[in-house]
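Data block below; observations after.
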Amino acid sequence: MPLHQDDPVRLLTGVGPKRAALYDKLGVHTIGDLLLYVPRGYLDFSSPLPIAQSHTGENVVIRAKVYKKQGEQRIRKGLSIFRVYATDESTDLKITIYNTKYLFESLKEGTWYLFYGKVTGSLLHSEMSAPQVFPEQAAGAMIPVYSLTEGLSNRQVTENVKEALRVWGDCLSDALPHRLRQDYGLCQLRFALENVHFPADSHALSVARRRLIFEELLVLQLGMAMLKNRNRAETSVQLKRTELAAFLSKLPFKLTNGQMQAIYDCIQDMQKAVPMNRLVQGDVGSGKTMVAAALCYLCKENGLQAAVMAPTQILAEQHYETFSRQLSPFDIQCCLLNGAKNAKQRAAAAASIQSGECTVVIGTHALLQEDIRFKKLGLVVTDEQHRFGVGQRAALAAKGDHPHILVMSATPIPRTLALLIYGDLDVSVIRELPAGRKPVRTMAIGSDKRLRALGFIKKQIDAGRQAYIVCPLIEENESELVSAQAYVKKLEKTPLSQCSSAILHGRMKAKEKEALMRAFRDGEISLLIATTVVEVGVDVPNATVMMIENAERFGLSQLHQLRGRVGRGVYDSYCILVSDHKGEENRRRLHTMVTMQNGFDVAQEDLKLRGPGDFFGKRQHGLPELRIADLLSDMKTLETARTAANRLLSEDPQLAFPEHHALEKKVRRLFLQNGQVVFN
C-alpha cells in the first residue's frame, strides 16, 4: 500500500527518526511537505563555459578532461591538498582539492568531467579550488540545490525526494480541476513536482514553477475571499442621498483625484445591500481624514450617525478638532468621548449619542463600552489599521445594524499586496499628496557632522520652530548605541544645551506619553528626544526637523513614517539621517530616503531589500506562510490567481462541487494551520 502525502516523512525509506528530526527544523513534516520543499536554486549543466571565458567572479560549470594528477601534499596536520590538471583542449585548468582523497582517487586521467566552482588566476594560469565534480553524463541536466540544516546534505534531500516521487507519484491527486488548468494553461501536478525538483530543461522548470506558484496563490486567495464573504449580512443603512457639492464647496481647498476616487469607492459600497468593508490607504499627509469627513457628511444627510475610533486620546482630540472644523458649517454636531471626561460629561455625551443629536462620535476604546448606544449607526471609521483588529471593529459595528466600515492606514504598500494582506477589506489607494504640501528635504550624514546638524536644529528652534531627535534605545545595555538618556547629557555640551527638551520612550505609561506629546504639540517643549513611539500620527505643524540617530537600525518604511512627523505645516522641513554604517545595503537604503519622497516608492524599495516576511513582521498580519511563491516577484500570478479565485467562488461559494473537494481541503488546512476558519 503506497504512502499518503499526509504521512510523516520518517516513513520514507532512507529517512527514519533522526533525519526526520532534521527535516522538522526545515518545516518538512510530511511526505507532501517534502515534495513541496522546492530547491532554492539549480546547478545548470546545460551550457558549460570554456575555461577561457569563465573568469566571471561567480561559480561556473566547466567541461574538462583530466590529463595529469599530482600526489598528496601535507601542508600541516589535518590539511592535505591534491592537484589535478585538466583541459578543454583549448585552455588548461589547475584544480586544487582539499582533504578529499576519495574524490582525488575517483578522477581518472583521460576522462571528461564537469567541474563546478569559481575560476581564478589569469587566462594563462586558470585555477579552481574545491570544486564540485560531476560525471560528464550530467551535461544538460539541472541539479537541484536545497536549503539545508546541519547534518542534512543536498544529496540526501535529493535521494529522499526521488523516493517520495517513486512511491507516491502514481497516487498524486491534482487539486486543480481540469477545466481550470486548461483555462490558465497549467501543467498537471505530477509533471510540476518532477520538473521543479529535477527539471528536464529551463522551460520545463518555468512551466512547473508557474503551476505550483499559481496553485499556492489560488489557495491563499480562495481562503482570503471566503474570509471576506463570511457572514456578510444585509444592512439597513444604505445611502440614498449621495450629493457632495455643498460639502465640497465649503472646503478651503480642493480635494485630490485620489481623495475623490476613494470617496466615490466608498459611496458605491455604502449604496449596496451589504455593509462596506474598505481600507483607504495613503501616505502620511495624503488626506485620508477628509475622505472620512465627506462620508460623515453623507451620514448626516441620510439620517445616520458615524463613529470614529482612534488609538489614543491625543489622536482622538486631533480628529475631533478636524471633524468639528470641517463639519460645523453644516450644523453637524460632533462629540468627543474619551477617558478624560468626568461622569457628568460622559453621561451627557452618552445621552446625546443615544438620542441621535450627536451625529459624529469621535473617541478611543471608550466607544466600545456597553453604555454607549447609538440611535442609528451607519458608519464605523477606525484609524491606524495596525492598532485595531477585526474583533474591535466588529465590537463597534455590533452597536448598529451592520454599519459600513472604513479603515484608514498610513502604511504604504503595493496595492496588490494590500488586497492580499487585508483579506477582509476592499482597498482604495490615495497616491498623491494635497497641493501645497512641501517635500521634506532629507540628508544622510556621518557622526562627524553631528555637531553641525545640532547647530542647524538650534537655529530652527531660535526661529520659533520645534524638532525631534530619535534614538533607537533608551538604555545603555548595548554599548555600540547611544541611549536617549545618555544623549540628553551629551546635549549639555552642544548648542542645544539651553533648549527646553524632554524624553519620550516606550516604557512610559500611556497617560505620560500623551501628556508629553500634548505639551510638545502646544509648544511648551522645543525639542523631543524620543524612541520610535513618535510614529503615531500626532500633528505638530510647527515641527520642522526630524533627526534620526543610528538610522541603519530602522527599516525604510519606518524611516519614512518618522520623516512624516515633520513637513505638516507651512515651513520648510528637514530630515537628518545619522549613520556611520558603511555597508552597501545601508548606503542604498539611505540613498533611497534622500532621493524618494513618495511612501509607495519607499515601500517598494523596502520590499526589495527585506522581502515581505521582514517587511510585515513575523505573523503580524496573520498571513499564511508561502512555500514557493514570492509576493514581490510573483505579482502578476497573484493577480491572475485572484481573478480565478473570484470566478470559482462565484460558481461555487463554499467549494462544495465534487471537482473542488481537493481545493476545499487545501484551503481549510492552510487557514486552520494559521488559526482561522474560512468556512461557515
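The values are calculated or read from the model by the stated rules, or taken from the named source; none is laboratory data. Just so it is clear, the structure is predicted and the values come from calculations on it, not from any experiment. Glycine also receives a Cβ, built like all others from the backbone with ideal geometry; neighbour counts cover every protein chain displayed. These accessible areas exclude ligands, DNA and RNA; they are computed on the full protein's heavy atoms, side chains included. Shrake-Rupley method; radii C 1.70, N 1.55, O 1.52, S 1.80 Å.
Of all residues in segment 47-59, those that are open to solvent by 60 Å² or more (accessible area, probe 1.4 Å) and either in contact with a helix residue (DSSP H, G or I) (Cβ under 7 Å, 6 or more places away or on another chain) or farther than 22 Å from Leu107 by Cβ (or both) total 5.
So is Lys69 of a type outside the set (A, V, I, L, M, F, W, C), touching a helix residue (DSSP H, G or I) at 6+ places or on another chain (Cβ under 8 Å), open to solvent by less than 60 Å² (accessible area, probe 1.4 Å) and modelled with pLDDT of 90 or more or not? When the stated conditions are applied, Lys69 passes them.
Within segment 423-469, being touching a Gly at 6+ places or on another chain (Cβ under 8 Å) and either closer than 28 Å to Ser500 by Cβ or among the hydrophobic types (A, V, I, L, M, F, W, C) (or both) holds for Val429, Ile430, Leu433, Lys438, Val440, Gln466. Of note, Ile62 satisfies the criterion of being of a type in the set (A, V, I, L, M) and either open to solvent by 60 Å² or more (accessible area, probe 1.4 Å) or within 30 Å of Ile97 (Cβ to Cβ) (or both).
Checking the condition modelled with pLDDT of 85 or more, among the aromatic types (Phe, Trp, Tyr) and open to solvent by 50 Å² or more (accessible area, probe 1.4 Å), which residue from Tyr42, Tyr37 passes?
Matching residue, one of Tyr42, Tyr37: Tyr42.
Among the residues of segment 72-119, those that are open to solvent by less than 40 Å² (accessible area, probe 1.4 Å) and not aliphatic (A, V, I, L, M) comprise Ser80, Phe82, Thr87, Asp88, Thr91, Thr96, Thr100, Phe104, Tyr113, Phe115, Gly117.
Would you list the strands (runs of 3 or more DSSP E) that sit entirely within segment 259-360 and hold 1 or more residues that are in contact (Cβ under 8 Å) with a residue 40 or more places away in the chain and over 29 Å from the mean Cα position of the chain (by Cα)? Don't jump to the end; show me each part of the working.
Working: elements: 277-282, 305-309, 334-337.
In segment 259-360, 305-309 are the strands (runs of 3 or more DSSP E) which contain 1 or more residues that are in contact (Cβ under 8 Å) with a residue 40 or more places away in the chain and over 29 Å from the mean Cα position of the chain (by Cα).
Identify, please: which residue in segment 553-563 is surrounded by 20 or more Cβ atoms within 10 Å (Cβ to Cβ) and out of contact with any Asp or Glu (no Cβ under 7 Å at 6 or more places or on another chain) and is, among those, farthest from Arg587 (Cα to Cα)? Applying the filter and picking the extreme gives Arg563. Right, Leu663: modelled with pLDDT of 90 or more, over 20 Å from the mean Cα position of the chain (by Cα) and closer than 25 Å to Leu205 by Cβ or not? When the stated conditions are applied, Leu663 passes them.
One residue stands out among those in segment 246-258 that are in contact (Cβ under 8 Å) with a residue 60 or more places away in the chain and among the small types (Gly, Ala, Ser): the one that is surrounded by the most Cβ atoms within 10 Å (Cβ to Cβ), which is Gly258. For segment 153-185, what are the residues that are within 26 Å of Val61 (Cα to Cα) and either polar (S, T, N, Q) or at pLDDT below 90 (or both)? Within segment 153-185, Ser153, Asn154, Arg155, Gln156, Thr158, Asn160 meet the criteria.
Of the residues Pro50, Pro39, the single one that is closer than 30 Å to Phe214 by Cα and under 48 Å from the mean Cα position of the chain (by Cα) is Pro39.
State whether the residues of segment 121-138 include one that is β-branched (Val, Ile, Thr) and out of contact with any helix residue (DSSP H, G or I) (no Cβ under 8 Å at 6 or more places or on another chain).
Looking only at segment 121-138, we keep the residues that are β-branched (Val, Ile, Thr), and these are 133.
Next cut, out of contact with any helix residue (DSSP H, G or I) (no Cβ under 8 Å at 6 or more places or on another chain) only: none.
There is no residue in segment 121-138 that is β-branched (Val, Ile, Thr) and out of contact with any helix residue (DSSP H, G or I) (no Cβ under 8 Å at 6 or more places or on another chain).
Among residues belonging to segment 566-578 that are of a type outside the set (Ser, Thr, Tyr) and either out of contact with any strand residue (DSSP E or B) (no Cβ under 8 Å at 6 or more places or on another chain) or open to solvent by less than 10 Å² (accessible area, probe 1.4 Å) (or both), point out the one that is nearest to Arg521 (Cα to Cα). Filtering first and then ranking leaves Val566. Kindly evaluate Arg211 against the criterion of being charged (D, E, K, R) and more than 30 Å from Lys300 (Cβ to Cβ). Considered against the rule, which asks whether it is charged (D, E, K, R) and more than 30 Å from Lys300 (Cβ to Cβ), Arg211 comes out as yes.
Per-residue answers, yes or no, for (1) over 17 Å from Val274 (Cβ atoms); (2) modelled with pLDDT under 90; (3) under 21 Å from the mean Cα position of the chain (by Cα); (4) open to solvent by 30 Å² or more (accessible area, probe 1.4 Å):
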{"site": "Leu368", "(1), (2), (3), (4)": "yes, yes, no, yes"}
{"site": "Leu377", "(1), (2), (3), (4)": "no, no, no, no"}
{"site": "Val380", "(1), (2), (3), (4)": "no, no, no, no"}
{"site": "Ile430", "(1), (2), (3), (4)": "yes, yes, yes, no"}
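Scanning segment 504-529 for residues that are at pLDDT below 85 and touching a strand residue (DSSP E or B) at 6+ places or on another chain (Cβ under 6 Å) yields one hit, Leu504.
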